[in-house]
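Have a look at the structure that comes next, please.
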Amino acid sequence: MAEAKERTGKKRVMVAIEEHECSHYALEWTLLNLKPTISSPLLLITVQPFSPFTYVAAASYSSPPQELIQSMQEHQKQAALTLLEMAKEICAKHGVDVETIMEMGEPKEVICQVAEQQNVELLVMGSHGRGAVERFFLGSVSNYCVQHAKCSVLVVKQDSGKKN
Amino acid sequence: MEEVTATVVIEGAGVGPEVAEATTAEKKGFKVVVAVDDSEISHYALSWAIDYVLANRREDCQLVVLHVQHFVETFMYPVAGHAVYAPTLSIDAVRKAHEENSKRVISRAVDICKSKHVDALTAVAEGDPKDAICEAAEKLHADLLVVGSRGLGMIKRAFLGSVSDYLAHHAKCPVLIVKPPKGSHK
């Protein structure tokens with residue numbers, strides 16, 4: 001059985017925030033149902049992918065102008081910050097303290113890495129509910145994390161008609 | 001692909017079948033279904049769920065322990081070119097063995113629940129684990145499905161398939177995949 005120190009009744013939880021609203025839904029679900037056992041602060045992570053720049057290079061037939069790359073990065077950063085702000089508001093509404101983490105890189109890998117670094121005990125993610133074919137080609141962050149994260153993972157699907 | 005029918009039998013802990021209670025929607029607030037099997041990790045997952053999901057909200061939550069038995073099929077095996085049906089006796093023996101196993105798994109799970117002062121309903125389904133758990137979770141109107149995951153390596157996972165991966169994507173309700181505590185594997 002686990003040591004006593006692990007069962008203080010609260011656990012370290014990290015919620016992955018992505019562009020899709022399913023991650024906000026996952027956050028709400030977690031706050032509604034698991035709030036008593038979340039240790040403060042709740043971690044919110046968002047990861048900006050590097051990838052959009054590859055198609056910019058292709059479209060320009062050569063290396064794209066520096067300003068374009070910079071403005072894209074800025075734009076992405078803004079988008080990520082907005083997502084985090086929205087998530088923070090949701091948490092504030094439920095009276096939960098948060099700590100936000102913003103990283104750049106391959107989302108699925110970074111989420112798992114940070115989860116380990118931060119000693120997260122529960123990782124929460126939304127699921128896009130993409131079909132099998134889409135998931136195969138586009139990859140799925142939640143799928144990867146379920147397989148590779150060392151901690152427990154909660155996948156919350158945004159399913160209409162499933163009442164709480 | 002063979003037809004998979006999951007027959008779900010639900011019993012109150014130790015008492016006779018109480019099918020109606022377990023399948024009625026929202027009789028109790030929050031329904032947590034934990035799928036258990038022989039493995040250590042699934043019992044750890046049950047403990048984890050009780051400690052961290054049910055926590056202090058025992059009155060609000062309903063816990064259902066679910067075990068899936070493999071189908072006992074009438075199988076044919078070719079013997080020296082002639083197909084032979086398995087004799088009835090051996091089918092019964094296999095079925096009995098499965099049921100014994102089921103009882104053991106369930107009773108161990110119920111013991112865990114009792115030691116943590118939780119009243120759990122038990123359910124047994126038959127069939128292919130992936131589909132049977134999904135179907136059972138739906139029939140039971142689960143608000144959360146909990147499974148343990150051994151963290152099979154990439155290759156094993158590709159060949160053996162992974163119940164928890166499947167459930168994470170196909171179950172209609174949120175799925176909690178519990179991994180072994182740090183330091184117990186690797």
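Give me the distance in nm between label points sitting 7 Å out from Cα along the Cα-to-Cβ direction at A:K35 and B:K103, one decimal.
Placing both labels 7 Å along Cα→Cβ, they lie 4.5 nm apart.
Then there's this: From other protein chains only, count the Cβ atoms within 10 Å of every residue's Cβ in A:140-151, then give the mean.
Numbers: counts 2, 0, 3, 3, 0, 2, 10, 11, 2, 4, 7, 5.
Mean partner-chain Cβ count within 10 Å for A:140-151: 4.
Additional query: Short version: ³J(HN,Hα) in whole Hz for each residue of segment B:87-98, in order, from phi by Karplus 6.51 cos²θ - 1.76 cosθ + 1.60 (θ = phi - 60°), x for Gly and Pro, what are they?
Here the 3J(HN,Hα) series is x, 3, 4, 6, 5, 4, 4, 5, 4, 5, 4, 4 Hz.
Still on this structure: Past 18 Å, Cα to Cα, is the threshold; run A:K11/A:K150; A:K150/B:K31; A:K35/A:K93; A:K11/B:K114 against it and keep the listed order.
Numbers: A:K11/A:K150 15 Å; A:K150/B:K31 26 Å; A:K35/A:K93 12 Å; A:K11/B:K114 23 Å.
Violating the 18 Å limit, Cα to Cα: A:K150/B:K31; A:K11/B:K114.
We did not get these values from a lab; they are worked out from the coordinates using the rules stated. Here the structure is a predicted model, which is why all the values come from computation and not from measurement. Cβ: placed from backbone, ideal geometry, glycine included. Neighbour counts: every protein chain shown.
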